[in-house]
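The values are calculated or read from the model by the stated rules, or taken from the named source; none is laboratory data. Remember, predicted model here, so these are calculated numbers, not experimental data. Methodologically, a virtual Cβ is constructed for each residue, glycine included, from the backbone with ideal geometry; neighbour enumeration extends over all protein chains shown.
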Amino acid sequence: MTRITQHDIDDLFLQQLRDWDLLQLNYQAIENVKTREFAIGAARFKVQFNPARITSSAAKVDDRSIKQRPCFLCSKNRPPEQKGLPWGNDYLILVNPYPIFPRHLTIPTLRHEPQRIATRIGDMMRLACDLNDFVIFYNGPLCGASAPDHAHFQAGCKDFMPFNNDLIRNGEIHEVAACNSATLGIVTNLARTTFIIRTSDIDDGIVMFQRLYEAIPVANGVCEPMLNILCQTENGKLRIDVFPRAKHRPSYYYAAGENNILISPASVDMGGVLITPLEKDFAKITATDIKKILDEVCIDQATASLIIKRIKS
Ligand SMILES: [Zn+2]
């Protein structure tokens, strides 16, 4: 299994920024990106105006549209300038050419196979250990992944998303379960319901994640529970933040005329950085809109109670 170090990632960025014009332009643009800041109770949010993300935010992810487009994560369709670092048994670490973070990676599998987390949560934790400066994130196939047909993680600079600091400073975590080195807690005072796994051992983390995964309700015919996941190292241990989801996109996304806000929430939005590809939305969005979007796309209290009941029984 191929492991890499933070140093290899630094070299990859240097090389790709030097040799790929589009990448250089897009990373210069992200240095000067416009943001607005909001607070909802103890949680802080940044709204980022990022026009280059329109392709991802407005991506059609129904089966028919997916089958009709060339997969942009398959090697034969990737830009010739894009170079990757092999990682693990079947992954490639790539620099994301349409960044949200000052450093943004996409980490697809070598083979074209569906986006699923159940068998890959251990890989996610191992990636977090190797990429110590990054938070690794996973968008479920119905929760923001614009390539639901090709398994991948992404990674961005640690501490860029406000959720991390909010959790450490203000998060009221209620313990749900504990087993060996792993604990599972729930936090509901940061404007969205989040389950937090902390562990010093990857195998213990996998077991705890499976308990949570199996307890999250799944609609009929859907391949996995709707969720977004952030994973990072924290004081030498691992932390996994799981955001179970109720909906893919909020009603604002489909609203006509003035009421429309083009936001398609994924892990980064759950982490507290909302991406607006259109300037009209960036200018008009309010804290009330953000709260409404989160209330719609995240699980309600009854679902959270059901999940806890299932885990405890
Ligand atoms: Zn593919």
Unmet criterion (only one of (1) buried (at least 22 other Cβ atoms within 10 Å of the Cβ); (2) away from the ligand (no atom under 14 Å from the Cβ)) for GLY88: (1)
Being at pLDDT below 95 and in contact with a strand residue (DSSP E or B) (Cβ under 9 Å, 6 or more places away or on another chain) narrows ILE216, ILE263, ILE240 down to just ILE263
Looking only at segment 52-85, count every residue that is part of a helix (DSSP H, G or I), within 16 Å of the ligand (Cβ to nearest atom) and hydrophobic (A, V, I, L, M, F, W, C) and tell me the total. 1
Six or more apart or on different chains, Cβ under 8 Å: which pairs go from a residue in segment 59-74 that's in contact (Cβ under 8 Å) with a residue 40 or more places away in the chain to one that's within 14 Å of the ligand (Cβ to nearest atom) and in a helix (DSSP H, G or I)? Could you list them? CYS71/ASN77
Restricting attention to segment 134-157, which residues are surrounded by fewer than 20 Cβ atoms within 10 Å (Cβ to Cβ) and away from the ligand (no atom under 16 Å from the Cβ)? CYS157
For segment 87-121, what are the residues that are more than 22 Å from ASP62 (Cα to Cα) and among the basic types (Lys, Arg)? ARG103, ARG120
Give me the pairs: first residue in segment 218-236 and without any contact (Cβ under 8 Å) to a residue 12 or more places away in the chain, second residue acidic (Asp, Glu) and assigned to a loop (DSSP other than H, G, I, E, B), beta-carbon distance under 8 Å, and six or more apart or on different chains, which are they? VAL218/GLU224
Could you look through segment 184-226, keep only residues that are part of a helix (DSSP H, G or I) and among the β-branched types (Val, Ile, Thr), and pick out the one that is surrounded by the fewest Cβ atoms within 10 Å (Cβ to Cβ)? VAL207
Flag for ASN164 being surrounded by fewer than 21 Cβ atoms within 10 Å (Cβ to Cβ), under 18 Å from the mean Cα position of the chain (by Cα) and among the polar types (S, T, N, Q): yes
In this structure, does LEU131 turn out to be within 16 Å of the ligand (Cβ to nearest atom), out of contact with any Gly (no Cβ under 9 Å at 6 or more places or on another chain) and under 28 Å from LEU25 (Cα atoms)? no
So GLU37 fits all but one of (1) assigned to a strand (DSSP E or B); (2) away from the ligand (no atom under 16 Å from the Cβ); (3) in contact (Cβ under 8 Å) with a residue 24 or more places away in the chain; what number is the exception? (3)
Determine the pairs where a residue that is closer than 19 Å to ARG249 by Cβ, located within segment 279-293, has a partner that is of a type in the set (Lys, Arg) with Cβ atoms under 8 Å apart, the partner being 6 or more residues away or on another chain. PHE282/LYS34; PHE282/ARG36; ILE285/ARG36
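Would you say THR183 is free of Cβ contacts under 8 Å to residues at least 60 places away in the same chain, away from the ligand (no atom under 16 Å from the Cβ) and among the hydroxyl-bearing types (Ser, Thr, Tyr)?
Details: free of Cβ contacts under 8 Å to residues at least 60 places away in the same chain: yes; away from the ligand (no atom under 16 Å from the Cβ): yes; among the hydroxyl-bearing types (Ser, Thr, Tyr): yes.
When the stated conditions are applied, THR183 passes them.
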Give segment 91-121 a look and list any residue that's within 16 Å of the ligand (Cβ to nearest atom) and under 15 Å from the mean Cα position of the chain (by Cα), or say none. ASN96, THR106, ILE107, PRO108, GLN115, ARG116, ARG120
